[in-house]
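Report on the following structure.
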2 protein chains.
Amino acid sequence: MEGGTQQPTRVMIGVNQSTIKGYPNASISSRVAFDWTLAKIVRSNTSGFKLLFLHVQVPDEDGFDDMDSIYASPDDFKSLQRREKARGIHLLEYFVRRCHEIGVNCEAWIKKGDPKEVICHEVKRVQPDFLVVGSRGLGPFQKVFVGTVSEFCVKHAECPVITIKRPPGEAPQDPVDD
Amino acid sequence: MEGGTQQPTRVMIGVNQSTIKGYPNASISSRVAFDWTLAKIVRSNTSGFKLLFLHVQVPDEDGFDDMDSIYASPDDFKSLQRREKARGIHLLEYFVRRCHEIGVNCEAWIKKGDPKEVICHEVKRVQPDFLVVGSRGLGPFQKVFVGTVSEFCVKHAECPVITIKRPPGEAPQDPVDD
């Protein structure tokens, strides 16, 4: 069925940092979504797939880490931006390294903005075969305060979307943490 | 990565009859979902996957085909039930035959009831790794009258769900047809 000229299946995976541990650690739900994709979809067929990792940095959230920084010149802001970007790069490094070890082709990149909007925009631009997004698996009450990127993508992304919920055993004490 | 003892990925696919052509023809969206699963997920790794085809027969809808039948004895109803079931079996035959040709393991079965409820119930019972459902890709106005099995399953099925929309080129003149 698979000829030499057939393109690999291009799977976009949205990944983010851990809300507990911060950069460069990946969130539990990102890791669960990635591991699930390898175990259940890619399996041994490493040449049949290409993984596209998208990390969206939220400008406001990132600013919090620099509450104690002093900004005295425009250059201080430039170095802040560099540091923010560097943290995102370290996050992506984890996924790219694991792909490299297994022998799966991949690409990874960072965008800034509202994750749900940016993911849907990037789907439109990159046109993956499908999108994998992790989910904390929150109840309806918890969702109100957290917002659910996965639900938005299922509705609005212009490609098939599969949402991988964090197994109950991997949820931290406060399920809003990730 | 894949040892001899590793279980194949079990993919449940909900399939139904065509609303235009009736039994034993599969709906366009069922065929699209099946073809997508083969092309984008299974690919050449035929031993890595097992496809589980579930067809849910809607009791009321099926009765329509027998508007001109005359029921004179309890046996007439029995034969009707047999005929209904036979039509569902012919629908499943299409998918099982194609899997057999490609060399993918599969199972297929029929249940009666409300498709969205039955699919979620069967997911709970069979515990597939994920569920694939086709979708006509209707707009919000059209959905009101048709109901969307896929949206219900995305919300309620106890496994990851991927919805495959019918490409615009394959939609009939009236998109409610399938």
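The values are calculated or read from the model by the stated rules, or taken from the named source; none is laboratory data. Because the structure is predicted, anything quoted here is derived from the model rather than measured. Every residue, glycine as well, gets a Cβ built from its backbone with ideal geometry; the counts of neighbours run over all protein chains shown. Protein only, heavy atoms only, side chains kept; ligands, DNA and RNA dropped before computing areas. Shrake-Rupley method; radii C 1.70, N 1.55, O 1.52, S 1.80 Å.
When restricted to residues that are modelled with pLDDT under 85 and outside any loop (DSSP other than H, G, I, E, B), region B:143-167 contains 4. A:Arg97 falls short on exactly one of the conditions (1) open to solvent by 30 Å² or more (accessible area, probe 1.4 Å); (2) within 14 Å of chain B (Cβ to nearest Cβ); (3) modelled with pLDDT of 95 or more, and that condition is (2). Considering the conditions (1) open to solvent by 100 Å² or more (accessible area, probe 1.4 Å); (2) under 16 Å from the mean Cα position of the chain (by Cα); (3) modelled with pLDDT under 80, B:His121 is excluded by exactly one of them, (3). In region B:12-52, what residues are aliphatic (A, V, I, L, M) and open to solvent by 40 Å² or more (accessible area, probe 1.4 Å)? Correct list: B:Ile20 only.
In this structure, does A:Arg82 turn out to be within 14 Å of another protein chain (Cβ to nearest Cβ), among the basic types (Lys, Arg) and more than 22 Å from A:Phe49 (Cα to Cα)? Taking the combined requirement at face value, the residue does not satisfy it. Just one of the numbered conditions (1) modelled with pLDDT of 95 or more; (2) away from chain B (no Cβ under 14 Å); (3) touching a strand residue (DSSP E or B) at 6+ places or on another chain (Cβ under 8 Å); (4) farther than 15 Å from A:Phe53 by Cβ is not true of A:Lys112: (1). Looking across region B:28-63, the residues that are among the small types (Gly, Ala, Ser) and within 17 Å of B:Lys111 (Cα to Cα) come down to B:Ser30, B:Gly63. The number of residues in region A:12-40 that are in contact (Cβ under 8 Å) with a residue 40 or more places away in the chain and facing another protein chain (nearest Cβ under 9 Å) comes to 2. Taking region A:153-166 as the range and being more than 10 Å from chain B (Cβ to nearest Cβ) and open to solvent by 50 Å² or more (accessible area, probe 1.4 Å) as the test, only A:His156 passes. Taking region B:76-88 as the range and being touching a residue at least 24 places away in the same chain (Cβ under 8 Å) and open to solvent by 50 Å² or more (accessible area, probe 1.4 Å) as the test, the residues that pass are B:Lys85, B:Arg87.
Modelled with pLDDT under 90 and either basic (Lys, Arg) or closer than 28 Å to A:Pro175 by Cα (or both) - does that describe any residue in region A:66-75? Looking through region A:66-75, at least one residue is modelled with pLDDT under 90 and either basic (Lys, Arg) or closer than 28 Å to A:Pro175 by Cα (or both).
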